[in-house]
1. Here are B:Glu217, B:Glu241, B:Glu225: which of them is modelled with pLDDT of 90 or more, in a loop (DSSP other than H, G, I, E, B) and open to solvent by 30 Å² or more (accessible area, probe 1.4 Å)?
2. Report yes if A:Leu331 is under 18 Å from the mean Cα position of the chain (by Cα), surrounded by 20 or more Cβ atoms within 10 Å (Cβ to Cβ) and within 14 Å of chain B (Cβ to nearest Cβ), otherwise no.
3. Considering the stretch B:332-355 alone, what residues qualify as being more than 14 Å from chain A (Cβ to nearest Cβ) and either among the charged types (D, E, K, R) or in contact with a strand residue (DSSP E or B) (Cβ under 6 Å, 6 or more places away or on another chain) (or both)?
4. State which residue is nearest to B:Pro212 (Cα to Cα) when the search covers only the stretch B:363-391 and only residues that are facing chain A (nearest Cβ under 9 Å) and in contact with a Ser or Thr (Cβ under 6 Å, 6 or more places away or on another chain).
5. As an exercise: evaluate A:Trp138 against (1) under 27 Å from B:Arg49 (Cα atoms); (2) open to solvent by less than 30 Å² (accessible area, probe 1.4 Å); (3) aromatic (Phe, Trp, Tyr) and give the number of the one condition it does not meet.
6. Can you work out which of the residues in the stretch B:155-203 that are open to solvent by less than 10 Å² (accessible area, probe 1.4 Å) and out of contact with any strand residue (DSSP E or B) (no Cβ under 9 Å at 6 or more places or on another chain) is farthest from B:Ala109 (Cα to Cα)?
7. Hey, could you check the stretch A:143-169 for residues that are surrounded by fewer than 23 Cβ atoms within 10 Å (Cβ to Cβ) and over 28 Å from A:Ile114 (Cα atoms) and say which is nearest to the other protein chains (Cβ to nearest Cβ)?
8. What is the number of the single condition among (1) charged (D, E, K, R); (2) free of Cβ contacts under 8 Å to residues at least 40 places away in the same chain; (3) more than 13 Å from chain B (Cβ to nearest Cβ) that A:Asp109 does not meet?
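The values are calculated or read from the model by the stated rules, or taken from the named source; none is laboratory data. Given the structure is predicted, the values throughout are model-derived calculations rather than measurements. Cβ placement follows ideal geometry from the backbone for every residue including glycine, while neighbour counts extend to all protein chains displayed. Side chains included, ligands, DNA and RNA excluded: accessible areas come from the protein's heavy atoms. Shrake-Rupley method; radii C 1.70, N 1.55, O 1.52, S 1.80 Å.
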Amino acid sequence: MALHKDVIISKDAPKEFLLEKHVQFLTAYAAKGDEDYEFVITEYLRMNGIYWCLTALDLVGGLDHADKKGIVEFIKQCQYPTGGISCSQRCDPHLLHSLSAIQVLTLFDALGEIDVDGVASFVAGLQQEDGSFAGDEWGEIDTRFSFCAIACLSLINRLDVVNIDAAVDFIVRCMNFDGGFGRCPGSESHSGQIYCCLGTLAILGKLHLVDADALGWWLCERQLPSGGLNGRPEKLPDVCYSWWVLASLKIIGRLHWIDKDKLVRYILACQDDETGGIADRPGDMADPFHTLFGVAGLSLMGLLPNEIKAINPIFCMPENVMQRIRLQPKLLEIV
Amino acid sequence: MWNIRKRLWDRLVIDPESEEARKFYDNEVQMTAQVLRSNPKSYGAWKHRAWVQTKWPNPDWTRELSLCGKMLEADERNFHCWDYRRFTCQQSNASKESELKFTRDKIAANFSNFSSWHYRSSLLQPMDDKQFEEELSLVTNAMFTDPADQSAWLYLRWLLQSRQNRMTGVYVDKANGKILLRVAKPMKADQLGPVMMNEKQVDITWNDNASPNIVLEGTFPPIDEELCTLSVAGECIQFKEGQSFVLRYRTDFSAVVQKTLQNIEELLELEPDNKWCHLSIIDLYLLYQLPECRVDLREKLNRLLQFDPMRKEYYNHLGNLMRLSEAIASSVSTSLSLRGLSLSSLGAPLTHMVFLEKLDLSNNNLTSVEPLLSCMPRLQCLVLDHNQLRSIRALRALPSLCELSVCHNEIDSADEIQAMQEWPQLTAFNFEGNPEKSSDSVAQ
């Protein structure tokens, strides 16, 4: 028998958007310090965590609660002489963290506080001959890193430092039989990688290279009877795919190919009505990562436009910030 | 943490042949194995193990393959493990045949097979006719064993697509030395190899060699004789007398594909509500232009709308593609009328007609013609009357456009209309019947 993995949404699951609770959850998370167990064990993603919390807070109008000065200071301490930025003061620089840092500084309009040329040079140094990008000096190649590199450079307006044609060429070589993209040439299509590749192509104005009909179909097939989205065939739904699949569909102009009402119902059911925040599945523990992507998904679908800000599907940053810095690459639009 | 271990290795392992180095190697191998047992999806552990192998003169690839085998038994969808397996095979020059056998065994044993099918799709490129028939047989078997297993159906779709022409639309102006190729998958011009016209090699200067594209444009020294054949990238394209353009969207409908259709229809009798059967028959039609009398496509589409309402917008789009396909049929004219077809979206085969010069899309329900913009370099005249366009700014991407009509649409920006009027390329532009308001008019 084929496995049909999915979840059942109980009738007690939350049905309304719990905005106040989410603001509380995110603010409390951002305030954690060295005495907290969770703070210590999540050091390896501290910078990403800050980006998730702050972006989510901004989307629900709670950015004022953040300690802007403290965070900017923290980011400055994480920049290395090579220009790269690490996840926290004791870790090594990496593209993933460099992008998160640049995104946060852009949110705060504080890019001038760090050595931006240094970041550009760090990123440029990670591009390989075949156009791909390594995450750091140890050479792991992944299309996620292509996205981190190109997004980062476009935010600081330094796309001139890398070979764009080669970068595009590498992405195209990662295109699979189903129209999707994997992490390297030959790797299986995966929604997260698809988002990264589409984001990269959108920034570089190359979306016409995508087989949008084939990919759009593959993406809309991620929607399960519960309304939630999975990341690839025969996998369980997860709220973070409400972002990666949805943003991908938006970028290729086929957002209307999924059932919005059912997905909204799924995301709302994943909220934790006691602590606030959003989890991967109904009933699980909430965390900032899933909170951001759940809220971002709701934003893309236009839910509660007076309470949730519009989000940019390429950069996963508030659209008003992208307007401010005049960076809104074109998307495909068939409707 | 993994980085610290790498730095230590680089500092401490001076002689890779030494006994001491061997101890380090064994230790890293054991350590990563331990981590992977409890955390099989750790990016860091897989990467570190791969890195360690590259530092060692004689890695035991058999053991690495065996590790992959065991881990895939536990989780056949672990893409880290599949990627590591591909890395191992590449480093050790493992044969394609052994890998094909591995995936075949996995498919026979398991039901969550998407990763195995995916691996096969990359191992089998390019595929000859015999392999194609074997794969069709393999996937048909899987379909019958478990008709609800979507990965087999996805693979079937790929198999059928893989027999399509690489070049779907071709235009050659031999007198002026111009060539246009519409390719099914983006590629760079220098990947095409030599180009032959009437069996003589032609020296083409391509407009853009640096970046992959879906339309390749080039120039060449004009030729006098009648153009009969064009050979490029292993495909031979025939031209009729006097013609210089070809739409190659359809492939010959071979007996093998005919048999596949019969199999699916047989399965449909056993499982009348199987979504994949209905969808695959529509796919077969769109890819191969099946004789319509055998298949009631609209009925199939209605069934899909009934049992899969979540994806109704996709099925509506398929309906548009079916109408497009029927209307275009075997037309290879440079002038095409697609009036009044209730089209709300566009796609193949229209987007392969790289040689189109005149296109009439009036009296439809279009809000965008986006799919045309990057594949109609010769389009001069475009009629879009009586549609639902809100914006026409994007049409300036059409490099040859000189006549445009967008009457009776929903363009509400006077600025856009004005900008189009001022576009020097346009010699004729009609726009009456639009609600355009000036940007400085006061809202009532």
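1. Criteria check complete, one pass: B:Glu225.
2. It is false that A:Leu331 is under 18 Å from the mean Cα position of the chain (by Cα), surrounded by 20 or more Cβ atoms within 10 Å (Cβ to Cβ) and within 14 Å of chain B (Cβ to nearest Cβ).
3. Across the stretch B:332-355, the qualifying residues are B:Val332, B:Ser335, B:Leu336, B:Ser337, B:Arg339, B:Met353, B:Phe355.
4. Of everything passing the filter in the stretch B:363-391, B:Cys375 is nearest to B:Pro212 (Cα to Cα).
5. (2)
6. Step by step, filter the stretch B:155-203, then rank; the result is B:Leu160.
7. Per the criteria, the residue is A:Asp165.
8. So the condition that A:Asp109 fails would be (2).
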